[in-house]
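Structure first, then comments.
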Amino acid sequence: MNISSNFDSGNIEFISQHDNIFQLNLRRDSHAKYAQWFYFAVTGQAGKRSQFQIMNASESSYPAAWAASKALMSYDRKNWVRVPTRYEDQRLIIEHTPEYNLAYYAYFAPYSYEDYLNWLSKIQTQCPVNFLTHTLDGRMMHWLQIGEATPHKKKCWFIARQHAGEAMTSWFTEGLLDKLLNEKETLTKDAVFYIVPLMNPDGVARGNLRANAHGLDLNRQWKNPDPKFCPEVFAVRQKMHEMGVDFFMDVHGDEVLPYVFLVNSRDNLQHTARQKQLEDAYCEALLKASPEFQMQYGYEKSQFSENTPTLACSYIAEHFQCLSFTLEMPFIDNANLPDAKEGWSPTRSRQFAEATLQALTAVLPSL
Ligand SMILES: [Zn+2]
């Protein structure tokens, strides 16, 4: 057996190997039923046409995603390429002949907890890294502040990676910080930015799709987070109450829909006309800022109705009466601007972050 996922963000279970055919299972999230994320290594297959069959693909959280999904492969865990993948007989089949003996396969270009720590070390010379809380596994959670907080400035929040497998949201955050730090003087003239780059460190390190270490979906805990089981949301919410919120974006990835879209807080009972106006203005500005964004495809209005009060976007909108969005980027590709080779990628996630800031600048005076 030369398959392993025993590393940061890794996820796979080995079942069997016959010649160059490997049968594997997705491992379910810690104490939860979610499964979709995979990230594993194979050693010793250089020059051998190999087939990796994910046997329980049809029992995953989003089986509808597989038909159009293409796995990612890397030799150095920096450069990832899409490899031939098909969904057949309820199995996800990745077929590839590695050039070198050690190859990695993943659902999306991974961004592990160690990657996050390395990135923090790098950016802390330009922006202070603040401790927020410890997670259930004892990992660190941080928040970043860009710009001095003065009373006249608008308080703009971005949080990412509530759902552990949505690695594109970490690439987004890198792009966001690059832009904020490179153009700090202009962007923080009338705004102060608060960023929580990694909401779910335990889920990310454990290789979960959605849940934290206790098995909770963090984006269903915002109404009444229990600090014992969900210190992540509890701590961020407390910090928001302390600092205030004028703009909020919760950054996510969607497994199925091949589009970039926003989810607003319109399902809220107390959604005001002012909020609606701000939402329209922001969406219009974002359409101008990036051809990746569109408003035709997204979630049905009532998709979250039962969960609405527990979502971050809704809780913030209701409590702070401010502009509040969930952003969804695809795992697969943007069907309006398809890239057959790369699909949706870390680069596109980074670039889209810049567009969200550009749109924010346009509506800032009205916030
Ligand atoms: Zn999500």
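Quick check: anything in the range 103-119 in contact (Cβ under 8 Å) with a residue 40 or more places away in the chain, closer than 17 Å to Ser9 by Cβ, touching a Lys or Arg at 6+ places or on another chain (Cβ under 8 Å) and not aromatic (Phe, Trp, Tyr)? Yes, some residue in the range 103-119 is in contact (Cβ under 8 Å) with a residue 40 or more places away in the chain, closer than 17 Å to Ser9 by Cβ, touching a Lys or Arg at 6+ places or on another chain (Cβ under 8 Å) and not aromatic (Phe, Trp, Tyr). Note on the range 87-136: enclosed strands (runs of 3 or more DSSP E) holding 1 or more residues that are open to solvent by less than 80 Å² (accessible area, probe 1.4 Å) and closer than 25 Å to Glu174 by Cβ are 102-106, 129-134.
Quick one: in the range 268-283, which of the residues that are open to solvent by 50 Å² or more (accessible area, probe 1.4 Å) and assigned to a loop (DSSP other than H, G, I, E, B) is modelled with the highest pLDDT? Don't jump to the end; show me each part of the working.
Residues of the range 268-283 that are open to solvent by 50 Å² or more (accessible area, probe 1.4 Å), as a first pass: 269-270, 273-274, 276-277, 280.
In the following step, the residues that additionally are assigned to a loop (DSSP other than H, G, I, E, B) were identified as 269-270.
Values: Leu269: 62, Gln270: 71.
Top of the filtered list is Gln270.
Listed here are the residues, each with its yes/no results for (1) open to solvent by less than 10 Å² (accessible area, probe 1.4 Å); (2) more than 16 Å from the ligand (Cβ to nearest atom); (3) at pLDDT below 95.
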site	(1), (2), (3)
Phe304	no, no, yes
Ala312	yes, no, no
Ile332	no, no, no
Ala335	no, yes, no
Thr347	no, yes, no
Arg350	no, yes, no
Leu357	yes, yes, no
Leu367	no, yes, no
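Across the range 162-201, what is the number of residues that are over 14 Å from the mean Cα position of the chain (by Cα), assigned to a helix (DSSP H, G or I) and closer than 21 Å to Lys239 by Cα? So the answer is 2. Scanning the range 137-177 for residues that are away from the ligand (no atom under 16 Å from the Cβ) and either open to solvent by 10 Å² or more (accessible area, probe 1.4 Å) or in contact with a strand residue (DSSP E or B) (Cβ under 9 Å, 6 or more places away or on another chain) (or both) yields a count of 24.
The values are calculated or read from the model by the stated rules, or taken from the named source; none is laboratory data. None of these values were measured; they are calculated from a predicted model. Every residue, glycine among them, receives a Cβ derived from its backbone with ideal geometry; neighbour counts consider all protein chains shown. For accessibility, only protein heavy atoms count, side chains too; no ligands or nucleic acids. Shrake-Rupley method; radii C 1.70, N 1.55, O 1.52, S 1.80 Å.
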